[in-house]
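J.: This is the structure I want to talk about, given as C-alpha cells.
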C-alpha cells in the first residue's frame, strides 16, 4: 500500500505543475478579494487531490461518499464560476448540510449547560443547531483560505492534535479499517504535500478544497465528541475556534457596516495582517507565506495548550475567551492603523 500512496503523491506533484503550465483550473478572476495577495494564475486543484484520501477514510458508507462528492462538486462549480451567486451557493450548502446531518446521523449531544442540553435533546433543534455549526465552520474555513497554507496548516494541526490525544482511535468512524490508521495517515501526508505546493504558489485549495476539507473535519470532530463524552465539548470548540469566530465576527462586522455577509471583502484579520506585512516585505508570495505561518504559529500554540487538559471545560473556555480577545483586539488595532494611514 505504501507504493500506492507514494505514486499518488507523485501524481499530485506532476499534475500541479501540469495544470499551472497549461493554465487549467485557473484561480485568476480579478476579484478584489483575490488581488489583495496574489495576481498570478494558480490552479484551484487542491480539492481534486483531497477527495480520494477523504473518501478512503469511510469508503464503505455510501451516504458519506455521496455527501463528500456533492460538497466537492458544489465547490468545484463555484471555482469554475458556474455558480456565481453567493446566495445560490449558500442555499445549496444549506441543502447539502441538512442531508448530511440526517443521513450521517450527526448530532451534537452535549454542551455541559443543562438548559441548552435539554434543547439538544429535541430532534429538530439538534438538527438545526448541528447544521448551523457545520455551515459556520465551512464558510469560516473558506474565509481564512485567503493566504497560502493558512487553512491547510490549521486543519493539519487540528488532525495532529486529534491523533496525539488518541481521540480518532476512540470513534466509531471506521478509520480505518486498519488498526494503525493508515488512511488518516494517507490524508495527513497528502495535506503536507499540498501545503508545500501551496506555499510554492503552485496549487490552491479553491472552494472545492475548502468545503470538502472543513466538512470532513467537522464530521470527525462531531464523531469524536459523541464517542468521547468525558472530553469537554469546549475542547472541540477550541480546535475550531479560528474559522468559526472568523465567520461569526465577519457577519457581525458586515451587518454593522450595512454590507451583505455573503459578499467577500478585504477586511478579514489575515488580510489586515497581510497588508502590514506587505509594507515590509515587497514580494507578495513571501509576505503571503510569512503572514500565514505567523498566524498558524499562534493558533498552533493555542491548540497545543488546549490539548493539555481536554477534560477541563473551564480551562477550555478560558482559552477560547483569550483567543477571541487576541483576535478582536488585533483586528481593531490593525484596522484603526490602516484607516489612519488612508487619511
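The values are calculated or read from the model by the stated rules, or taken from the named source; none is laboratory data. All values derive from a computational prediction rather than experimental measurement. Note: ideal-geometry Cβ built from the backbone for every residue, glycine included; neighbour counts use all protein chains shown.
J.: Looking only at segment 75-92, filter to residues that are assigned to a helix (DSSP H, G or I) and surrounded by fewer than 22 Cβ atoms within 10 Å (Cβ to Cβ); which one of those is modelled with the lowest pLDDT?
T.: Looking at the filtered set, the residue picked out is 86.
J.: Inspect segment 143-152 for any residue being modelled with pLDDT of 95 or more, part of a helix (DSSP H, G or I), touching a helix residue (DSSP H, G or I) at 6+ places or on another chain (Cβ under 7 Å) and surrounded by fewer than 23 Cβ atoms within 10 Å (Cβ to Cβ) and give the result as yes or no.
T.: Among the residues of segment 143-152, not one is modelled with pLDDT of 95 or more, part of a helix (DSSP H, G or I), touching a helix residue (DSSP H, G or I) at 6+ places or on another chain (Cβ under 7 Å) and surrounded by fewer than 23 Cβ atoms within 10 Å (Cβ to Cβ), which makes the answer no.
J.: Could you give me the residue pairs with C-beta distances under 8 Å whose first residue belongs to segment 276-290 and is at positive phi and without any contact (Cβ under 8 Å) to a residue 12 or more places away in the chain, whose second residue is surrounded by fewer than 18 Cβ atoms within 10 Å (Cβ to Cβ) and assigned to a helix (DSSP H, G or I) wherever it lies, and which are 6+ apart or on separate chains?
T.: Qualifying pairs under 8 Å: none.
J.: Kindly indicate which of 99, 49 is part of a helix (DSSP H, G or I), in contact (Cβ under 8 Å) with a residue 60 or more places away in the chain, farther than 24 Å from residue 234 by Cα and out of contact with any strand residue (DSSP E or B) (no Cβ under 9 Å at 6 or more places or on another chain).
T.: Selected residue: 49, the only one of 99, 49 that is part of a helix (DSSP H, G or I), in contact (Cβ under 8 Å) with a residue 60 or more places away in the chain, farther than 24 Å from residue 234 by Cα and out of contact with any strand residue (DSSP E or B) (no Cβ under 9 Å at 6 or more places or on another chain).
J.: For segment 110-126, enumerate the residues that are closer than 21 Å to residue 63 by Cβ and loosely packed, with under 15 Cβ neighbours inside 10 Å.
T.: 123, 124 - these are the residues of segment 110-126 that are closer than 21 Å to residue 63 by Cβ and loosely packed, with under 15 Cβ neighbours inside 10 Å.
J.: Give all pairs with beta carbons closer than 6 Å in which a residue from segment 11-38 that is farther than 29 Å from residue 275 by Cα meets a residue that is surrounded by fewer than 12 Cβ atoms within 10 Å (Cβ to Cβ) and at pLDDT below 55; count only pairs at least 6 apart in sequence or on separate chains.
T.: none
J.: So residue 53 passes all but one of these: (1) under 30 Å from residue 285 (Cα atoms); (2) under 18 Å from the mean Cα position of the chain (by Cα); (3) modelled with pLDDT under 90. Which condition number does it fail?
T.: With respect to (1) under 30 Å from residue 285 (Cα atoms); (2) under 18 Å from the mean Cα position of the chain (by Cα); (3) modelled with pLDDT under 90, residue 53 is out only on (3).
J.: How many residues are part of a helix (DSSP H, G or I), touching a helix residue (DSSP H, G or I) at 6+ places or on another chain (Cβ under 7 Å) and closer than 28 Å to residue 230 by Cα if we restrict to segment 297-335?
T.: 13
J.: In segment 123-169, how many are closer than 27 Å to residue 311 by Cβ and free of Cβ contacts under 8 Å to residues at least 60 places away in the same chain?
T.: Residues flagged as closer than 27 Å to residue 311 by Cβ and free of Cβ contacts under 8 Å to residues at least 60 places away in the same chain within segment 123-169 amount to 11.
J.: A follow-up question, please. Answer yes or no: is there a residue in segment 269-278 that is closer than 30 Å to residue 108 by Cα, within 18 Å of the chain's Cα centre (by Cα) and modelled with pLDDT of 90 or more.
T.: Yes - at least one qualifying residue is present in segment 269-278.
J.: Which ones in segment 52-66 are buried (at least 22 other Cβ atoms within 10 Å of the Cβ) and in a helix (DSSP H, G or I)?
T.: 54, 57
J.: When residues of segment 301-332 are filtered for being within 19 Å of the chain's Cα centre (by Cα), crowded, with 18+ Cβ neighbours inside 10 Å and farther than 17 Å from residue 247 by Cα, how many remain?
T.: Counting residues in segment 301-332 that are within 19 Å of the chain's Cα centre (by Cα), crowded, with 18+ Cβ neighbours inside 10 Å and farther than 17 Å from residue 247 by Cα gives 3.
J.: Residue 42 versus (1) touching a helix residue (DSSP H, G or I) at 6+ places or on another chain (Cβ under 9 Å); (2) modelled with pLDDT of 90 or more; (3) at negative phi: which is the lone unmet condition?
T.: (2)
J.: If we scan segment 113-134, do we find a residue that is under 22 Å from residue 241 (Cβ atoms), at pLDDT below 95 and not in a helix (DSSP H, G or I)?
T.: Yes.
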